[in-house]
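Okay, so here's the structure we're looking at.
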Amino acid sequence: MTNIPSHNRRFVLKTRPAELPSNENFSIERLPVFPPTDGNLLVRILCVALSPWQNQRLKDFKNYTKPFEIGELIDCDVIGQIISGEAGDFCPGKLVTGRLGWQEIASASPADLQLVSNDFEETLWLTALSSPGLTAYCAMDLFGRPMPGQTLAVTSAAGSVGSFAIQLGVIAGMRVIGIAGTKEKCDIVRDELGAHACLNYKDPLFSEKLASACPGGIDLFFDTLGGEIADTVFDNLAKYATVLIVGRTNSNNSGTPHLDYVNMRQLWAKEARIHCFSRYSYPERWAFAREKMMTLCRDVKIKEIKTIVHGFENTPTALRDMLSGKALGKTIVKYGESER
Ligand SMILES: NC(=O)c1ccc[n+]([C@@H]2O[C@H](COP(=O)([O-])OP(=O)(O)OC[C@H]3O[C@@H](n4cnc5c(N)ncnc54)[C@H](OP(=O)(O)O)[C@@H]3O)[C@@H](O)[C@H]2O)c1
C-alpha cells in the first residue's frame, strides 16, 4: 500500500456561476494530510461522479437542497481506496464508495462509507448501483408503475438517470420514446438501450416528430428537465397521463431557475397526475432498489453508459461539459488507479 501523501488538494467554491459554472468559480486548496484518528479512515479518491445537482447547489436560490457555502468543498459520490486506518471489514487496500467530494484524499468515518464488492465493474457503483440507477428504479417503481403497452417518454435519455429510465421502461414492455440533444445520443438510446424511437429536441421538426412517434399519446413522462421541452411533451400526453418530475436541469442551468413549465393547460386538459420525486425521501427503498439493479446488471439486462475524463484539475471543465450536453451517460473523473 502507498505511503500517506503529505498534502491533499480539494476544490472549493470561490464564486457562484450565473448560468453554467467554469474554472473561475472554483479554487484549489492545498492542505496537510494527518494520520486518521477517532476510528476514521484515510481514503485516496480514485474517481468522482459529476451530477447536475452540483450546479444547482453552486447557485443560491430557493430549493430543496442547501447551496454550497463560499469556501465549501464540492460534494459528490466517489470511489476510493482506504490507505490508512482499520475498522471491522474496512482496512487498507479495500475499495469504498461515499460522498467524499472533489478532493484527492479524504478522512471519513466507516459509517459514511460502503465497501465496493468486486462482483461488479467499479464504475457501476457510481451508476447503476448508485444514485442514477436507484433514482430511476425507485421513481419508476413507486410512482411510474410502468405497464406493458403503455407509452413512456424520457428526457435526457442518454443521460445518467434517463438512460436507466429508458431501459427500465423497455424491460417493463413499454413503448419507449427517448428525447436527447444530439443524433449520436439518439442513436445510442435507440440502438443500444432499446428505445423504440429517440428524438433530437434541437431538430426544428421536434414537435411534429414527437406527435407522430406517439399517436396514442404519452402515458408516462419521466421528466429530468422541465422548461420548453417538457412543455412540448405536455402537448402529447394521453388522457390521465402521469408526469414524474425527477429533475430540473433546464431551469437549474439557466439564469432564471424559478421559471419552469408554462403549458399547464395541457396537464389540466388531460387530467394528468403529477408526482414530484426526490430519492432522499425514500431511504428505506434504497437497499431493495440496489438488489434489483444488481440482478439486472448480473443478467446483463441493463447497462451503464458513461464518459470518463482524466485528471483532478479537469473536474470543473468536465462538470461544465456534462451540463452543456457534451457528455454521454454518467461523467466520471478519474483521479488515479487503485493499487493492489
Ligand atoms: N429526484 C432525484 O432524486 C434525483 C436524483 C438524481 C438526479 N436528479 C436530477 O435528474 C436530472 C438528471 O440528472 P443526471 O445526473 O442524469 O444528469 P444528465 O441527464 O446525465 O446530464 C444532464 C443532461 O441534461 C441535458 N441538458 C442540459 N441542459 C439542457 C437544456 N437546457 N435543455 C435540454 N437538455 C439539457 C444534456 O443532455 P442533452 O444532450 O440531451 O441535451 C445533459 O447531458 C438532474 O436535474 C438531476 O438533478 C434527481
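The values are calculated or read from the model by the stated rules, or taken from the named source; none is laboratory data. In this text the structure is predicted, and so the values were computed from the model without any measurement. So basically every Cβ, Gly included, is an ideal-geometry build from the backbone, and we count neighbours across all protein chains shown. Keep in mind that these areas ignore ligands, DNA and RNA; they rest on the heavy atoms of the full protein, side chains included. Shrake-Rupley method; radii C 1.70, N 1.55, O 1.52, S 1.80 Å.
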Could you compute the net charge surrounding Ser207? Neighbours are other residues with a C-beta less than 11 Å from the C-beta of Ser207; K and R count +1, D and E count -1. -4
So what is the relative contact order for the chain, in percent, with contacts set as C-alpha pairs under 8 Å and at least six apart? 18
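If you restrict to DSSP beta bridges whose two residues both lie in the chain, what percentage is antiparallel, to the nearest 5? Write out the running numbers ahead of the final one.
Working: 31 of 57 bridges.
Percent antiparallel among DSSP bridges in the chain is about 55.
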Principal axis extents for the range 1-160, Cα atoms only, whole Å, descending order, please. 57, 42, 24
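Going by a ≥ b ≥ c, the root eigenvalues of the Cα gyration tensor, does the range 131-280 fall in the rounded group (a/c under 1.5), the prolate group (a/b larger than b/c) or the oblate group? Don't skip to the answer; put the middle values down first.
Numbers: a/c = 1.11, a/b = 1.08, b/c = 1.02.
Taking the square roots of the gyration eigenvalues as a ≥ b ≥ c, the range 131-280 is rounded.
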Under 25 °C and 0.890 mPa s, how fast does the chain diffuse according to Stokes-Einstein, given a Kirkwood radius computed over C-alpha pairs? Answer in µm²/s, whole number. 118
One finds, for Glu29 and Tyr280 with R0 = 35 angstrom and r their Cβ-Cβ distance, a FRET efficiency to the nearest 0.05 of 0.80
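In percent, what relative contact order does the range 131-280 have, based on Cα pairs under 8 Å that are 6 or more apart in sequence? Kindly include the intermediate steps, with their values, before the conclusion.
Details: 302 pairs, mean separation 30.8, N = 150.
Relative contact order, the range 131-280: 21 percent.
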Spelling it out for Ile218: with amide H atoms placed in the peptide plane at 1.01 Å from N, the residues 5 or more places away or on another chain with amide H under 5 Å from its amide H are Leu237, Ala238
Between Leu142 and Glu228, the FRET efficiency computed from the C-beta separation at R0 = 30 Å comes out, to the nearest 0.05, as 0.60
Take the Cα coordinates of the range 113-197, assign each an equal point scatterer, and use the Debye formula without solvent to give log10 I(q)/I(0) at q = 0.15, 0.16 Å⁻¹. -0.54, -0.61
Charge dipole (the range 17-160, unit charges on Cβ, about Cα centre) - positive-most of Leu124, Cys138, Val78: Cys138
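Taking only protein heavy atoms and a 1.4 Å probe, what accessible area per residue, in Å², does the range 169-324 have with all protein chains in place? Don't skip to the answer; put the middle values down first.
Numbers: 7570 Å² over 156 residues.
In whole numbers, the range 169-324 has 49 Å² accessible per residue.
For the range 131-280, give the magnitude of the charge dipole about the Cα centre (Cβ charges: +1 Lys/Arg, -1 Asp/Glu; no others), in debye to the nearest 20.
Details: 13 positive and 14 negative charges, 49 e Å.
Dipole of the range 131-280, to the nearest 20 debye: 240 debye.
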What aspartates and glutamates could a cross-link reach from Lys66, if we take a straight Cα to Cα line under 17 Å and drop same-chain neighbours fewer than 8 places away? Asp75, Asp77
Could you please report the charge total around Ala318, scoring K, R as +1 and D, E as -1 over all other residues with beta-carbon less than 14 angstrom from its beta-carbon? +3
222 nm [θ] for the chain, helices only, -39500 (n - 2.57) per DSSP H run of 4+, per residue, to 500? -7000 deg cm²/dmol
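Roughly speaking, to the nearest percent, how much of the chain's 1.4 Å accessible area is carbon and sulfur? Could the numbers behind the result be given before it?
Values: 7830 of 15100 Å².
Within the chain, the accessible surface is 52 percent carbon and sulfur.
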I need to check one value: relative contact order of the range 31-162, counting alpha carbon pairs closer than 8 Å and at least 6 residues apart, in percent. 23
Roughly what would the spin-label model give for Thr317 and Lys202, points 7 Å off Cα along C-beta, in nm? 2.0
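Where in the range 34-87 are there chymotrypsin sites (Phe, Trp or Tyr not before Pro) that are in a DSSP coil and have at most 14 other Cβ atoms within 10 angstrom of their Cβ?
Working: sites: Trp53, Phe61, Tyr64, Phe68; in loops: Phe61, Tyr64, Phe68.
Qualifying residues, ordered by number: Phe61, Tyr64.
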By the rule of no other cysteine beta carbon under 4.7 Å, the lone cysteines of the chain are Cys47, Cys76, Cys91, Cys138, Cys214, Cys276, Cys297
